Amino acid sequence: MSVLPAAFLPTLVRRERASLAATLLAPPIALAVATILNLGLYVLLGRDPIAVVHAMLLEPFLSWTSFSEVLLKAAPLLLIAQGLAIGFRAKVFNIGAEGQFILGAIFASAIPVWFPQATGQWIWPLMLLLGALGGGLWASLTAFWRVRLNANEILVSLMLSLVAAQLLNYLLLGPWKDPNGFNFPQSVMFQYDAMVPILISGTRVNVSLLLTLAFSAAAWVFMQKSFTGYKLQVGGLAPRAAGYAGFNEGWAIWLSLLIGGFAAGLAGAAEVAGPLGQLQRSISTGYGYAAIIVAYLGGLHPLGIVFSALLMAVLYIGGDNAMVSANLPIAAVRVFQGSLLLAYLIAVAFVRHRLEWPRAAVRSQS
Amino acid sequence: MTDPLLSLRGISKSYGQIHANQGIDLDVAPRSIHAILGENGAGKSTLMKLIYGVEQPDDGTAIWEGEPLSLASPAQARRKGIGMVFQHFSLFETLTVVENIRLVVKGRTADLTERIRTLGRDFGLEVDPLAPVHALSVGERQRVEIIRCLMTNPKLLILDEPTSVLPPQSVDKLFDTLRRLRDGGVSILFISHKLEEIRAICDHATILRGGRVTGNVDPRDHDAHDLACMMIGRDMPDPMPALPLSGGEKRLEIIGLDHQPDDPFAVRLSNISLSVRAGEILGIAGISGNGQSELASLISGEAVLPREQRDRIYMMGKDVGTLGAAARRQRGFAFVPEDRLGRGAVPEMSLVLNSLLTAHPLGLLRHGLVDRASARALTNECIRQYDVRTSGPEAEAGALSGGNLQKFIVGREIMLSPKLLFVAQPTWGVDIGAATAIRRRLITLRNEGMAILVISEELEELFELCDAIQVLHHGRLSPPLATRDTRPEEIGRYMMGAHSSPEKAVA
């Protein structure tokens, strides 16, 4: 048989061991590659790349005000991503954090909408708690059908996000519409006690940032130290080993989805009880989806996710800046996010594998 | 001496850091049955792949019938007259024998059918050319593989562990075929680690150890003990004598178990009954694929019986059929599964974390958090006691060789000091020294009063270990046969289904 053309193509070969240096270097390299690619794109669009870089990657750090906006943006991303990462390590792919975020916002808004006159410092903590419950409840729909009928959690959670968006629309156009709101689809403005206290005066950064950091620390302990976290990881890496050891798969699915839903719901509650101050249609600018990128970019590691959440928040804020100052189209930020994820996934593939070119067959000399 | 048919000089092959073959010299004489003897990992398979053109050597020369030989592919090897029968067959089950052969040999179906019949008559390879492969026994399938090789008139036939899948009766028949082939002018390279077989049939043996040739002998001049010493490079420990049975309490009892698994390709189990007492080893013999994995997962609790099926499986006197794996382990059950990577161990996790998998009740947890120091200590203890060759407790399980990982898993399960230990294929892929150590350990534990159930394909192993043997065939289990009063041939008859079902004895 003659040599096939396919024999000239390189094949991916698994490395015996992924080096720590390569693992740590992969995200920065992916960021650099994505940046260069996107700058090329901006040049093709006829924009000044230097102005874009300045607006996108530098301006967010240049003033305290804009950096505080980065922190404000990073908080929900970080919270959702930490919750999702736990599920992803268990190979439970909750893609519906967006819907769980919306349900969290709706549940939290119930108190100020129904009791607009209520006062007292108990209101905002109760709202956050309700929000977390709401997110968990929404995620539990996915968990139930996955465990009961083995319905794919990716599809169910993703489609439930669309349902959640419609539910929000219904409330804002119907029963929860502000009667004095000139027919805008939004709720009443929340009373003072329904707002999460400001953490740093002069900015919009509030106490939920501390909650987020506490949740991150808890996620670290849970995944790196606890036996429950270990069981989830075994289920993700080798499901048959989990079955062999007697770890309950259904329980792992429930736990993974509930943690993810809880975190996303909490983030949604913190958003309406924080910078927004009312329930609106635009409560989420795709946080639930961006958090998936954040989780993977952070290597699904609680510490890595802190950095990737900050990076993603910088891209959001910087993208807005660039839209104004460098006249960048609105889709550019999404393109950047997408190419960043793509570059990272390719980088990770090369951390675990290497290319092997076919060697010419050894000919013995006669 | 006549000129050799195949002559290798200084053949070397490395995979990364691993030197699979180093400076191998090998001469295969015409009309000989030549054994390649070595433990798992000694480099036998690599050498055969180099000869058959599956891989290319890094260094060295090969002479074939006096001419230099270089092979880029198995197809080239076949054209030169080298054929190979792999351990795992590559036949399409939905096609008939002759259709399978037509895929590699040109010719009209009628002619091929006739040639298959002729070859069958000449070499004792009887098989119906028009039978679909799925209806054939393992022995018959192997014959089809051999016939397929013979169709190309090879001068050298490589057989990779051909007897590992056969019941004893079929082994004799295979040997008869091989002798006839040799007398017909074909040389045979016979890969094995079963010493008695090699002594029975081979004219010459080349012994490999750690990728190098360590001996070239006539196996008929040496006893099995000598050959084993050459193979493992040190003296072999003697088998442990088993103490007579004490008649302890029943630790595992299965009563009339019927089970139809969800998977349509899985084997249906019918009317399975067995019991294992304290201080007893029960062996389950049989060729893989007769219901072993289905039975194993029902005993381990990885598969659970529906609620209606009560009173089928008892452990330590309690009905456990509907309980999961964790609940059964809590009652003092431990299990070594047949697949190590991905089931008995998580390949991407370190050995420390793999200890945690089942040994966490041994004080490795504190308030729900992992006590890494204790886990490390336990892992080190397991590595030391069971002679696991590894760079340390932080090595990933996937980086260990099959045999070493098996030693680790066996060690971990024994350290749980279970009342009932279940071991599936205890020594698959384990080198002979470690296999002997594992078997001695099992007998020691039996003598100390543990109840042990072993599933194995290797009859010799079961005869060495067990007090009684039951044979699994087509999802049915034979009555227990006391090992002392039973000959391997009797077990073999059960393995072929001669007792348990009315169908004709095939293979």
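For the stretch A:47-57, backbone phi angles converted through the Karplus equation (6.51, -1.76, 1.60; θ = phi - 60°) give residue-by-residue couplings of 9, 7, x, 5, 4, 5, 4, 4, 5, 7, 9 Hz, Gly and Pro being listed as x. Peptide packing for B:126-139, B:206-219, A:258-271 was compared via the average number of neighbouring C-beta atoms within 10 Å per residue; ordered from the highest value, the list is A:258-271, B:206-219, B:126-139. Quick check on the stretch A:32-353: take the gyration tensor over C-alpha atoms, sort the square-rooted eigenvalues as a ≥ b ≥ c, and tell me if it's rounded (a/c under 1.5), prolate or oblate. Oblate is the answer for the stretch A:32-353, as a/c is 1.5 or above yet b/c matches or exceeds a/b. Phi-derived couplings, Karplus 6.51 cos²θ - 1.76 cosθ + 1.60 at θ = phi - 60°, listed residue by residue for the stretch A:64-77: 4, 4, 6, 5, 5, 5, 4, 4, 4, 6, 5, 4, x, 4 Hz, with x used for Gly and Pro. Under a model in which nothing but the beta-carbon of Lys, Arg (+1) and Asp, Glu (-1) is charged, the protein assembly as shown shows a dipole of about 1000 debye around its Cα centre. Here, P(r) means the percent of Cα pairs in each 20 Å bin from 0 to the largest distance; for the protein assembly as shown it is 12, 35, 32, 17, 4, 0. Extension gain for B:R31 to B:L369 (0.36 nm times residue separation, less C-alpha to C-alpha distance): 115.1 nm. Taking the charge dipole of the stretch B:6-232 about its Cα centre, with +1 at Lys and Arg Cβ atoms and -1 at Asp and Glu Cβ atoms, the residue from B:M151, B:L125, B:Q22 reaching farthest to the positive side is B:M151.
Taking label points 7 Å from Cα along the Cα-to-Cβ direction, B:F92 and B:S273 give a separation of 4.5 nm. Taking the Kirkwood radius as Rh and the Cα radius of gyration as Rg, chain B has a ratio of Rg/Rh equal to 0.98. With R₀ fixed at 45 Å, the C-beta to C-beta distance from B:D263 to A:L126 puts the FRET efficiency at about 0.35. With a cut-off of 13 Å between beta carbons, the residues surrounding B:R251 carry a summed charge of +4, where Lys and Arg count +1 and Asp and Glu -1.
So the label point goes 7 Å from the Cα of A:A118 along Cα→C-beta, right? Which residues of the stretch A:124-152 then have their backbone N under 15 Å from it? Answer for this model: A:124-134. Our helix-only sum for chain B, with -39,500 (n - 2.57) per DSSP H run of n ≥ 4 divided by its residues, gives a mean residue ellipticity at 222 nm of -9500 deg cm²/dmol. About the centre of its Cα atoms, the stretch A:32-353 shows a dipole size close to 760 debye [charges on the beta carbon of Lys, Arg (+1) and Asp, Glu (-1) only; nearest 20 debye].
What net charge is computed for the residues neighbouring B:G332, neighbours being all others with C-beta under 13 Å from the C-beta of B:G332, Lys and Arg scored +1, Asp and Glu -1?
Details: positive: B:R251, B:K318, B:R328, B:R329, B:R331, B:K419; negative: B:E249, B:E413.
Taking every Cβ under 13 Å from that of B:G332, the sum is +4.
Reducing the stretch B:326-391 and the stretch B:162-218 to their Cα centroids gives an inter-centroid distance of 40 Å.
Restricting the calculation to Cα atoms, the stretch B:77-185 yields a radius of gyration followed by a Dmax of 12.8, 36 Å.
Which entries of B:K173/B:K250; A:K231/B:K419; B:K80/B:K173; A:K91/A:K177; A:K231/B:K44; A:K73/A:K177 show an alpha-carbon separation above 30 angstrom in the structure shown? With Cα atoms farther than 30 Å apart: B:K173/B:K250; A:K91/A:K177; A:K231/B:K44.
Farthest toward the positive end of the dipole of the stretch B:6-232, out of B:A110, B:S192, B:M230, is the Cα of B:A110, where the dipole comes from beta carbon charges about the Cα centre.
With a Förster radius of 60 Å applied to the C-beta separation of A:V335 and B:V105, the computed FRET efficiency comes to 0.60. For the stretch A:243-356, the spread of Cα coordinates along the three principal axes comes to 58, 49, 22 Å, biggest extent given first.
Peptide A:269-280 shows a mean partner chain C-beta count of 0 within 10 Å per residue C-beta. Note that the protein assembly as shown presents 45 Å² accessible area per residue, ligands and nucleic acids not counted, probe 1.4 Å. With the convex hull of its Cα atoms as the shape, the stretch B:6-232 has an orientation-averaged projected area of 12.2 nm². The angle between the Cα long axis of helix B:402-415 and the longest principal axis of the Cα atoms of chain B comes to about 20 degrees, rounded to the nearest 10. Convex hull volume per residue, computed on the Cα atoms of the stretch A:76-202, equals 129 Å³. Against the main long axis of the alpha-carbon atoms of chain A, helix A:249-271 sits at an angle near 50°. Between A:A165, A:A132, A:A331, the Gaussian network model of chain A with springs among Cα atoms under 10 angstrom shows the greatest mean-square fluctuation at A:A331.
In a simple Cβ point-charge model (Lys, Arg +1; Asp, Glu -1; nothing else charged), chain B has a dipole of about 660 debye relative to its Cα centre. Per-residue ellipticity at 222 nm from helix content only, as computed over chain A with -39500 (n - 2.57) for each DSSP H run of at least four residues, stands at -22000 deg cm²/dmol. Taking the longest Cα principal axis of chain B as reference, the axis of helix B:138-150 is set at about 20 degrees. In the stretch A:157-251, inverting the average of 1/r over every pair of distinct C-alpha atoms gives 18.0 Å as the Kirkwood radius.
Across peptide A:223-229, the mean count of Cβ atoms from other chains lying within 10 Å of each residue's own Cβ comes to 4.
From most to least packed by mean Cβ count within 10 Å, the peptides B:186-196, B:278-288 give B:278-288, B:186-196. Beta-bridge orientation, the protein assembly as shown: approximately 55 percent antiparallel, per DSSP, counting only bridges with both partners inside. Note on chain A: with a GNM built from Cα contacts shorter than 10 Å, the maximum mean-square fluctuation among A:N152, A:N206, A:N94 falls on A:N152. In whole angstrom, how far apart do the alpha carbon centroids of the stretch B:40-80 and the stretch B:270-286 sit? Each part's Cα centre sits 45 Å from the other's. Simple rule: put +1 on each Lys or Arg Cβ and -1 on each Asp or Glu Cβ in the stretch A:32-353, find the dipole, and look at A:A242, A:L310, A:L342; the Cα lying farthest toward the positive end is A:A242. Peptide A:232-241 shows a mean partner chain C-beta count of 6 within 10 Å per residue C-beta.
The values are calculated or read from the model by the stated rules, or taken from the named source; none is laboratory data. Note that the structure is a prediction, hence the values are computed from the model and not measured. Reconstructed Cβ throughout: ideal geometry from the backbone, glycine too, with neighbour counts over all protein chains shown. Accessible surface areas use protein heavy atoms only, side chains included; no ligands, DNA or RNA. Shrake-Rupley method; radii C 1.70, N 1.55, O 1.52, S 1.80 Å.
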